[in-house]
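The values are calculated or read from the model by the stated rules, or taken from the named source; none is laboratory data. In this text the structure is predicted, and so the values were computed from the model without any measurement. Because the Cβ atoms are built from the backbone with ideal geometry, glycine has one as well, and the counts that use them run over all protein chains shown. For accessibility, only protein heavy atoms count, side chains too; no ligands or nucleic acids. Shrake-Rupley method; radii C 1.70, N 1.55, O 1.52, S 1.80 Å.
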Amino acid sequence: MPGLAIQSINPTTGNLQTPFTSFNFNPFNIFQTPFQRFNMFGQANYQITDGVEVYTRGLYSKNTVDTIIAPSGAFQIEVKIPVSNPYLPAGARATFCANNDFDPNTDGIQTLTPAQCAAAALATSPNDPNYRQFSTQILRRAVENGPRISSFRTNIFDYKLGFRGGITDSINWDVFGSYGESESIQTIQGYTLNSRFRQGLLATNPNTCLDTSNNCVPVNVFGAEGSITPAMANFLSAASTVQTRTTLAQARATVSGDFGATLPWASDAVSFALGAEYRRYSALNRGDNLTASGDLGGFGGAVPTTQGGFDVYEAFGELIAPLVQDKPFAKSLTFEGGIRYSHYTIDAPTQPKFNTTTWKVGGSWEPVDALKIRGNYARAVRAPNISELFAPVATGLTALANDPCASIDDSGKVIRPAPTGTLRAVCLAQGAPAFTLGSIPQPTAGQGNATAGGNINLKPEKSNSWTVGAVIQPDFLPGFSLSVDYYNIKVKGAISAPTPGDGIAACFGNPDANGNFSPAAGAESTTACTVIRRNANTGGLAGDPVTTPGLFLPLSNLGKIATDGVDLTMNYNTDLGFAKLALSFAGNWTHSQKFQASPTSLNRECVGYFSANCAGGAGTAADIGSIQPEFSWTQRTTFTFDNIDLSLLWRHISAIQHEPDDVINGAGPSYSGPYPKTQSALPGAPAPGSLGNRNFNFIPSYDYFDLAARIGVGDNLTLTLTAANLFDKKPPITGQDVGSSSFNSGNTYPSTYDALGRTFRVGARLRF
């Protein structure tokens, strides 16, 4: 985001008047946060009679996390400033007088002549006939206030009490109840208030605001860093809090064991489990007046209160039946199955209810001791959570770097001509004033506004999955085992929201090779276009969330998710004489991972790609998540010498590239692989040559090595020494604007790649 920009749009020419000073916010943001945790745990059991036992357990945890990010500020908020503001430079005053409409209630553009401007500059009272004020937007990073700091204090407790015993020698019963609660208080400091900026700019002398409430201090946003004095900074900011509370009450009863009977070709009895369960969920997320109103500058929008809950009643049963054992070509043949019925009641005036049934069938076959073949087919569900059901509709930020209506970047540089034809009609239909066409800015720092919320009518999403695999332990290679499984998962009715790219493409289509959009004729009257609402002053998709809804990304059950791939694990242990050797390998090949938010959205392939759409762009439960490489594995080699273990861990991530269908960042169907043809097509990426001519659209494969030593000192003390990222491999640079800030931060993906470099760790474990 910028450091300082005072925007004024010439209503006659549409030109944007923007003195601009850039600001690098990334150095303030941290990848590793301070964390403190205090835990208490206790459990006990008592034999009441020979067949009945009472048991209990309880835990308490207190966690403290502190975070820091770059300074707050006024990010494209609308303000009113008197022409006689004491801090307004003479040159800026003349520009505003000549380019602003001082009487929007009359036809035409009512600017001020130089004489009128001079008279208004001396009018310190709103009652003076010469008093004038104008509307504009400001982008001012309040570096004088210091960074934004959040402290999270979380208290968790959970208590469980149960009884268990035997019905017969092979059948047992278990009944328990539990209750858990978590409460987190986020204390927010260092944020400026949009309302205080507006109040502090309505001043005609340096000592008193026109509105004197809140101990108002006139604010100088027109100077370089330092123009906001400590008194001004103190007036602009206020502490705020957000409370998050969740509870879970549970009661469960089960009967399990075996029937005491076997099938004709088996020696083990058929085992089973039957049960019933009740769960009560509740949650509350509530901010104070500052967060609820969206008054915090740079907080990402308002945090309206979310409160709700639901009840679940369930009955379930499982069965494991050995069919054949210890027969030729059938060392073991086993069938297993299970079913669960659930009834949900939602806390809402209409009390929505729905039922779900999940089930699984599977089995395994061991023709010989060295080989086991297994398979499973299952129907699963995921019910909507409380936020997805109850969150009020609100406007926040989303990753959006390319607005089809924009003609300039967020620093005022012209990037393409003013929209014409259907594109022009669409921009106007979305609320862009005609005089802004040709000067609409790209979203600030690649973050545009988006409006979304919960949906009380959501139903559970359903998946069908199947796996088939084998476990091999060959006799000719003692100490070796191999497990390989193919998985195939398809989710229908996925609880999802359109990605930012979906929201843009549904209205504007895909860009051409130059990144320009050409919506279909008549698009200006379609819902997909008119649902997008623009800033009434700049015509852009960024600005005050109170007045600029931006994209509309609603939750629905219209999504689809599909993935398949192969998991492979191998282990080998042997004695070399001078040491023991242990080798282990765990790897994954993801063949495909697709996400389609709605029937009209693009069915995106996300394996091996990064973008705002494939790496956390949806911002919902249907989030694909962080980067999903095609190949990834870990391999550990360990040598054991008496009481010392030396271990080398190899972590591999295959190559990743910019998603070809990332329409909001100008890729589109014209993109041709295997690698991007442009050097730095990604918004927010450093200029070519500034970082060694790197291609910011492509991340090569990454390999990390961690060296660890575990040393036993006596019988009770173990020391562990670790050098992580041994060769100090630096993270890839992707640019700030591609990907959700949940995953893409500091111009890289710290959730996937090591952003800290080589680190050393020392640990000790004492047993007594």
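Just round it to a whole percent: the fraction of Cα-Cα distances in the range 330-406 exceeding 20 Å.
64
Give me, ordered by chain and number, the residues 5 or more places off Gly565 or on other chains with an amide H under 5 Å from its own placed amide H.
Placed amide hydrogens put Tyr487, His591 under 5 Å from Gly565.
Find which of Thr33, Thr254, Ala434 sits farthest along the positive direction of the dipole of the chain, computed with +1 on the beta-carbon of Lys and Arg, -1 on that of Asp and Glu, about the Cα centre.
Highest projection toward the positive end goes to Ala434.
Which cross-chain or sequence-distant (5 or more) residues have an amide H under 5 Å from the amide H of Tyr131, H modelled 1.01 Å from N in plane?
Correct list: empty.
What is the gain in length, in nm to one decimal, between Asp311 and Phe335 on full extension, counting 0.36 nm per residue of separation less the C-alpha to C-alpha distance?
In short, 5.3 nm is gained.
Using DSSP to call loops (not H, G, I, E or B), can you name the trypsin sites (Lys or Arg not before Pro) in the range 413-476 whose Cβ has at most 12 other Cβ atoms within 10 angstrom?
Hits after loop and neighbour filter: Lys413.
Could you pull the accessible area for Ser213 with a 1.4 Å probe, rounded to 10 Å²?
Using a 1.4 Å probe on the heavy atoms, I get roughly 50 Å².
Starting from the Cα-Cα distance between Arg379 and Arg765, subtract it from 0.36 nm times their residue separation and give me the gain in nm to one decimal.
This chain segment gains 134.6 nm when fully extended.
Taking the mean number of other Cβ atoms within 10 Å as a proxy for protection, how do you rank 381-390, 727-736 from highest to lowest?
381-390, 727-736
Report, in whole Å, the centroid distance computed from the Cα atoms of the range 348-426 and the range 216-271.
The range 348-426 and the range 216-271 have Cα centres separated by 20 Å.
Provide the per-residue ³J(HN,Hα) series for the range 331-337, in order, calculated from phi with Karplus coefficients 6.51, -1.76, 1.60 and θ = phi - 60°, each as a whole number of Hz, with x at glycine and proline positions.
Each residue of the range 331-337 in turn: 4, 7, 9, 10, 10, 9, x Hz.
Show me the chymotrypsin sites (Phe, Trp or Tyr not before Pro) within the range 322-355 that DSSP assigns to loop and that have at most 11 other Cβ atoms within 10 Å of their Cβ.
Listed in order of number, the matching sites are Phe329.
Label Asn603 and Gln116 with points 7 Å out from Cα along Cα→Cβ: what is the distance between them in nm?
Each label point lies 7 Å from its Cα, and together they span 6.1 nm.
Excluding same-chain residues fewer than 8 positions from Lys580, which aspartates and glutamates have a Cα within less than 19 Å of its Cα?
Within reach: Asp642, Asp645.
Taking the Cα centre of the chain as origin and charging only Cβ (+1 Lys, Arg; -1 Asp, Glu), how large is the dipole, in debye to the nearest 20?
Roughly 560 debye, rounded to the nearest 20.
Quick one: if the Förster radius is 22 Å, what FRET efficiency do Ala239 and Tyr60 give, using the C-beta to C-beta distance and rounding to 0.05?
0.20
How far apart, in nanometres, would the label points at Tyr179 and Asn207 be if each is projected 7 angstrom from Cα along the Cα-to-Cβ direction?
For the pair Tyr179/Asn207, the computed spacing is 6.1 nm.
What whole-number distance in Å separates the alpha-carbon centres of the range 568-584 and the range 162-191?
Here the two parts' Cα centres lie 40 Å apart.
Express in whole angstrom the spacing between the alpha-carbon centres of the range 511-537 and the range 54-123.
29
Work out, step by step, the length gained on full extension between Thr720 and Trp265: first 0.36 nm times the residue separation, then minus their alpha carbon distance; give nm to one decimal.
158.7 nm
Could you point to the residue in Phe316, Tyr179, Phe163 farthest towards the positive end of the chain's charge dipole, with +1 and -1 charges on the Cβ of Lys/Arg and Asp/Glu respectively?
Of the candidates, Tyr179 comes out farthest on the positive side.
For the range 461-568, what does the alpha-carbon gyration tensor say about shape, rounded, prolate or oblate, given a ≥ b ≥ c as the root eigenvalues, a/c under 1.5 as rounded, and a/b over b/c as prolate?
Prolate.
Enumerate the amide H contacts of Ile440 below 5 Å, restricted to partners 5 or more residues apart or on another chain; note that Pro and chain-start residues carry no placed amide H.
Ser407, Ile408
Over the residues of the chain, compute the C-alpha Rg and express it relative to 2.2 N^0.38 Å.
1.14
If you take the charge dipole of the chain about its Cα centre, with +1 on Lys and Arg Cβ and -1 on Asp and Glu Cβ, which of Ala755, Trp589, Val368 is farthest toward its positive end?
Ala755
Please work out the FRET efficiency for the pair Asp169 and Trp359, using the Cβ-Cβ distance as r and a Förster radius of 22 Å; give the result to the nearest 0.05.
Between Asp169 and Trp359 the formula returns 0.15.
Kindly write out, for the range 722-730 in residue order, the coupling ³J(HN,Hα) from the Karplus curve 6.51 cos²θ - 1.76 cosθ + 1.60 (θ = phi - 60°), rounded to whole Hz, with x marking Gly and Pro.
So the Karplus estimates, Gly and Pro as x, are 9, 10, 8, 6, 3, 9, 6, 6, 7 Hz.
Only Lys, Arg, Asp and Glu count, each charged at its Cβ (+1, +1, -1, -1), so figure out the dipole size of the range 54-140 about its Cα centre, rounded to 20 debye.
Approximately 540 debye in magnitude.
Quickly work out the Ala520-to-Ala586 label distance, labels modelled 7 Å from Cα along the C-beta direction, and quote it in nm with one decimal.
4.8
Share of Cα-Cα pairs in the range 238-357 beyond 25 Å, in percent?
The calculated P(r) of the range 238-357 puts 56 percent of pairs beyond 25 Å.
For the range 174-249, report the accessible area per residue in Å² (1.4 Å probe, heavy atoms, rounded to an integer).
The answer is 41 Å² per residue.
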